[in-house]
Amino acid sequence: MVEHAATDETIEALVASGSAVREVAISDDLDLVLVYRRDRPQLPRPPIDVDLREYDEDDVPRKLAAGHDYLSWTVRFGHALFERDAWWTRLWMQWNGRLALPSSSEARKRAHKTKHQYEAMLAVGDGDAATELRVSMLTHLARAALSDCGKFPQSRPELAGQLRTIGERELADRLDEALAQRRG
C-alpha cells in the first residue's frame, strides 16, 4: 500500500493508527487512514485484519472541526507511513493541540445500539458474533467514561488501564474479560 501511495498522485497521506502503532501486548488488526485528493484511488481490497478508511482531503479539516473521533484519534496517535509534500505533518501541526474529546453522548448511543445487536446474537445462538459485539459495546462505554473525565481514549488494549486511573474498575474488569474471551 505504501508503494502504491508513492506512485498514485491522488494520495496525500497513509497513516497507521490503532493498537498496532501503540506499545501494547496484543494488537488484533491494523487501522489505516488514507487521505486522497479529488478522486478516490482504486485500491486492491485489503486483508480482513486491515481496517482501511478513506477520506477526501477537503473533508478532513471539517470532520476534525466537528469532533470526528476516528480522525481525531489518528491525528493524536497515528504514525504517517507515507505523506506527499508533508501533508500529514502540516495537518498534525494545525490540529494536534486543539482536538476535541470524542463525544461521550455519541459513544453511549453507539453502546446502546450495539447492546441490542449483542442481545440479538445471543438470542440466535451466535456466540462469536455476540462476543465481538460485547467487546464493541464495552469499548464505546469506556470511551464515554474517559471523555466524561477529560481523558482522550487510547487504543482498545489500553482502555482498561485508563479506566482504572479514573476509578472505573468494574467497567475495566468487564472490558478485560470480554477481550480475553474474544482471544479465546
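The values are calculated or read from the model by the stated rules, or taken from the named source; none is laboratory data. All values reported here derive from a predicted model rather than from experimental measurement. No Cβ is skipped: glycine too gets one built from the backbone with ideal geometry, and neighbour counts run over all protein chains shown. Side chains included, ligands, DNA and RNA excluded: accessible areas come from the protein's heavy atoms. Shrake-Rupley method; radii C 1.70, N 1.55, O 1.52, S 1.80 Å.
Just a few scattered comments:
- Gln117 being in a helix (DSSP H, G or I) and either among the hydrophobic types (A, V, I, L, M, F, W, C) or at pLDDT below 95 (or both): no
- Here the stretch 74-95 is the region considered, the condition is being of a type in the set (D, E, K, R) and out of contact with any strand residue (DSSP E or B) (no Cβ under 6 Å at 6 or more places or on another chain), and the residue that is nearest to Ser155 (Cα to Cα) is Arg76.
- Qualifying residue in the stretch 63-73 (condition: over 30 Å from Leu141 (Cβ atoms), in a loop (DSSP other than H, G, I, E, B), open to solvent by less than 30 Å² (accessible area, probe 1.4 Å) and not acidic (Asp, Glu)): no
- Some residue of the stretch 88-95 being outside any helix (DSSP H, G or I) and either closer than 26 Å to Glu57 by Cα or out of contact with any Ser or Thr (no Cβ under 6 Å at 6 or more places or on another chain) (or both): no
- Residue ID - farthest from Ser105 (Cα to Cα), chosen from residues in the stretch 135-184 that are of a type in the set (D, E, K, R) and not in a helix (DSSP H, G or I): Glu168
- Screening Asp31 against (1) more than 25 Å from Glu132 (Cβ to Cβ); (2) in contact with a helix residue (DSSP H, G or I) (Cβ under 9 Å, 6 or more places away or on another chain); (3) free of Cβ contacts under 8 Å to residues at least 60 places away in the same chain leaves a single unmet condition, (1).
- Qualifying residue in the stretch 23-34 (condition: buried (at least 18 other Cβ atoms within 10 Å of the Cβ), more than 14 Å from the chain's Cα centre (by Cα) and hydrophobic (A, V, I, L, M, F, W, C)): no
- Qualifying residue in the stretch 112-125 (condition: hydrophobic (A, V, I, L, M, F, W, C) and under 13 Å from Asp69 (Cα atoms)): no
- Verdict on Arg108 being open to solvent by 50 Å² or more (accessible area, probe 1.4 Å), modelled with pLDDT under 95 and more than 24 Å from Leu52 (Cβ to Cβ): no
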